[in-house]
1. Using a 10 Å cut-off on Cβ atoms, rank the peptides 77-89, 154-166 from the highest mean neighbour count down.
2. Taking N as the number of residues in segment 83-170, what value does Rg over Cα atoms divided by 2.2 N^0.38 Å take?
3. Consider all pairwise Cα distances in segment 9-102 and report the whole-number % of them above 16 Å.
4. LYS32: which lysines have alpha carbons under 25 Å from its alpha carbon, excluding same-chain residues fewer than 8 sequence positions away?
5. Tell me the label-point distance for the pair ASN142, LYS60, using the 7 Å Cα-to-Cβ offset, in nm and rounded to one decimal.
6. Obtain the nm distance between the two label points defined at VAL114 and SER98 by a simple spin-label model: each point lies 7 Å from its Cα along the Cα-to-C-beta direction.
7. Give me the angle, in degrees from 0 to 90, between the Cα long axis of helix 48-60 and the longest principal axis of the Cα atoms of the chain, rounded to the nearest 10.
8. Let's test the formula: R0 of 22 Å, r as the Cβ-Cβ distance of THR70 and ALA25. What FRET efficiency results, to the nearest 0.05?
Amino acid sequence: MEGGGGNLEAAIELRLNVEKQMRLAGEVAETKKAVTEILQLCFEAKAWKTLNDQIVLLSKRRGQLKQAVTAMVQQAMQYIDQTPDLETKIELIKTLNSEAEKHLSEMVVSKSLVAKIDRPMGVVCFQTTKDSNDILNLWATNLEKLLDLVEKSCHQIHKETMVHKAALRG
């Protein structure tokens with residue numbers, strides 16, 4: 001039943017038009033409702049590829065409201081356990097992961113939050129924002145520790161050199 005035929009496409013197209021009107025009008029609640037209805041239609045029709053395509057399409061729309069993307073990802077997450085097979089589940093998770101990462105990256109770039117994303121490990125580390133004075137103090141402390149280690153190393157090298165010279169004389 002993948003694809004759902006013309007009725008699904010027509011119903012999605014109708015809701016896409018509503019979503020566009022609401023998004024451009026800045027109607028958060030109505031935009032969220034429209035995007036979740038689109039996903040619900042795909043889910044009910046078991047049109048998994050269409051569901052993934054709509055998630056990507058809706059999140060890429062110009063001026064898309066962050067609240068709508070959040071609602072869409074949350075809605076689609078409920079469908080993960082109801083996918084028919086492992087391949088479909090993996091594709092849905094990949095799509096959601098990609099969209100969530102884009103959303104998170106935008107928030108980091110806009111300085112809404114502070115986080116480091118380690119893509120190879122699949123880990124996001126959230127941090128508190130630091131005052132510039134705190135950062136400078138931390139750097140000064142680290143520099144002081146580094147200089148102390150350099151001084152100790154130089155002392156050890158000098159000591160070894162003296163011992164080596166004494167051994168050569170004796």
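We did not get these values from a lab; they are worked out from the coordinates using the rules stated. The model shown is predicted, which means the values in this text are computed figures rather than measured ones. A quick note on method: Cβ atoms are made from the backbone with ideal geometry, for glycine too, and the neighbour counts reach across all protein chains shown.
1. 77-89, 154-166
2. Normalised Rg, Cα atoms only: 2.14.
3. Counting pairs separated by more than 16 Å, the tail of P(r) holds 47 percent.
4. LYS20, LYS46, LYS49, LYS60, LYS66, LYS89, LYS94, LYS102, LYS111
5. Rounded to a tenth, the inter-label distance reads 3.8 nm.
6. With each label placed 7 Å out from Cα toward Cβ, I get 3.2 nm.
7. Rounded to the nearest ten degrees, it is 70.
8. Computed FRET efficiency for THR70 and ALA25 comes out at 0.70.
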